[in-house]
Amino acid sequence: MTTPTAQQTLWTLIKDIKFGMLTHRHDNGELHSHPLTTQNKSGDEGATLYFFISRKGELANRVLQDGNVNVSYAHPGDDRYVSVSGHAAVTEDQTKKDALWSPMAKAWFPAGATDPDLALLEVAIHHAEYWDVTESKMMQLVKMAKAAVTGKPSEHLGEHKELNL
């Protein structure tokens with residue numbers, strides 16, 4: 001069960017991470033990943049992530065065949081890691097494209113939010129898992145050294161949660 005606080009924590013963990021790695025199943029059966037920029041930066045969108053993609057690109061074609069995806073986020077400097085599983089769909093919601101548009105996207109879509117190649121990839125989150133290590137690097141090293149010396153598992157270093165959305 002997901003509480004509003006848990007969902008807010010999820011958004012807090014990913015909002016400052018510039019790229020997510022979106023993984024999907026390739027035609028050959030292997031998993032394939034693409035770095036994408038998450039366009040929405042708050043939980044206001046509910047349990048949905050939005051990405052701008054090329055309508056003619058591999059990713060658009062693959063999610064039409066199999067929309068099951070994973071998006072992973074990592075901020076190693078802050079010891080924040082998030083894995084999101086969900087269903088992706090290519091949408092043509094011009095109002096949403098306009099609302100999410102930013103000048104940075106113009107590097108890939110020069111004609112702006114109405115660029116004919118611009119498609120909106122919507123990922124409905126079904127499950128998320130995150131690891132948020134709150135201990136300082138020094139304390140992490142102390143706890144890991146203690147575990148190595150004693151042979152006992154390391155003490156709790158941070159928060160780990162699973163969310164079903």
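Using 0.36 nm times the number of residues separating residue 127 and residue 111, minus their current alpha carbon distance, what extension gain do you get? List each step's numbers first, then the result.
Values: separation 16, 0.36 × 16 = 5.76 nm, distance 3.49 nm.
Contour length minus the Cα-Cα distance gives 2.3 nm.
With a simple spin-label model that places each label point 7 Å from the Cα along the Cα-to-Cβ direction, the separation between residue 27 and residue 64 comes to 1.2 nm.
Residues whose amide H comes within less than 5 Å of that of residue 115, counting only those at least five positions distant or on another chain, are absent (H built at 1.01 Å from N in the peptide plane).
Laboratory data are not the source of any read-out in this text; all were calculated from the coordinates shown. Computed from a prediction, not measured in an experiment: that's the story for all the values here. So basically every Cβ, Gly included, is an ideal-geometry build from the backbone, and we count neighbours across all protein chains shown.
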